[in-house]
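*Asks:* The following block contains the structure, expressed as structure tokens.
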Amino acid sequence: MIGSYSDLIKATQTEQEPQRLLFVFCRAELPDDASAEERVAFEQGEGGALTPVICVDKTPAEASEFSSLVEESRSTGQSWDVVFVAAMSGRAGTPPSSDEAQQPMTMMVESIRLGHVSNYLPLDKSGNVISLG
């Protein structure tokens, strides 16, 4: 069971093929057409829509520490509330390249925009798995 980013990194090391991790950092925003009830809930930290603001792919070795990802995200100037992570397996002992990750990353961003997030691991700013239920 993966409960944190460090658990995820450990899990990638047990995979048969080398991995590439896809990260989509999202900001929680309130839609323009939100009702009064939705606005109140949002102010209490619930609801809203997740808008992708930063996308990056890395090998587990390039992103072994969650704190380095957070620091890198700060340098973009984009604030975020949750990051979704997915993994891609390599072939014949070779991890997927950044070029190979582009189409899956695009599909991941679009899926998140549509609210389909169940296939991704959601993490908070501390690198802990969160429930979006």
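Any read-out appearing in this document is the output of simple, stated calculations on the displayed coordinates, not a laboratory observation. On a predicted model such as this, the values are computed, not experimentally measured, just so you know. Every residue, glycine among them, receives a Cβ derived from its backbone with ideal geometry; neighbour counts consider all protein chains shown.
*Asks:* Can you give me the ranges of the helices (runs of 4 or more DSSP H) entirely in region 1-107 with at least 2 residues that are among the hydroxyl-bearing types (Ser, Thr, Tyr)?
*Replies:* Here the list reads 5-13, 66-74.
*Asks:* Could you give every pair whose Cβ atoms fall below 7 Å, whose first residue belongs to region 17-29 and is of a type in the set (S, T, N, Q), and whose second residue is part of a strand (DSSP E or B) and surrounded by 16 or more Cβ atoms within 10 Å (Cβ to Cβ), counting only separations of at least 6 or pairs across chains?
*Replies:* GLN19/ALA87; GLN19/MET88
*Asks:* Of GLU100, GLU72, GLU62, which residue is over 18 Å from LEU8 (Cα atoms) and without any contact (Cβ under 8 Å) to a residue 24 or more places away in the chain?
*Replies:* Going through GLU100, GLU72, GLU62 in turn, just one is over 18 Å from LEU8 (Cα atoms) and without any contact (Cβ under 8 Å) to a residue 24 or more places away in the chain: GLU72.
*Asks:* Same structure again: Here is a list of conditions, (1) within 19 Å of PRO18 (Cα to Cα); (2) touching a residue at least 60 places away in the same chain (Cβ under 8 Å); (3) touching a helix residue (DSSP H, G or I) at 6+ places or on another chain (Cβ under 9 Å), and GLY127 meets all of them except one; can you say which number that is?
*Replies:* Condition not satisfied by GLY127: (1).
*Asks:* Can you work out which of the residues in region 18-48 that are touching a Gly at 6+ places or on another chain (Cβ under 8 Å) and loosely packed, with under 15 Cβ neighbours inside 10 Å is nearest to GLY127 (Cα to Cα)?
*Replies:* It comes out as GLU29.
*Asks:* Since ALA11 meets every condition but one in (1) farther than 20 Å from SER131 by Cβ; (2) of a type in the set (Gly, Ala, Ser); (3) surrounded by fewer than 18 Cβ atoms within 10 Å (Cβ to Cβ), which condition does it not meet?
*Replies:* Answer for ALA11: the failing condition is (1).
*Asks:* So is ASP32 within 13 Å of the chain's Cα centre (by Cα), of a type outside the set (Phe, Trp, Tyr) and on the phi < 0 side of the Ramachandran plot or not?
*Replies:* Working: within 13 Å of the chain's Cα centre (by Cα): no; of a type outside the set (Phe, Trp, Tyr): yes; on the phi < 0 side of the Ramachandran plot: yes.
When the stated conditions are applied, ASP32 does not pass them.
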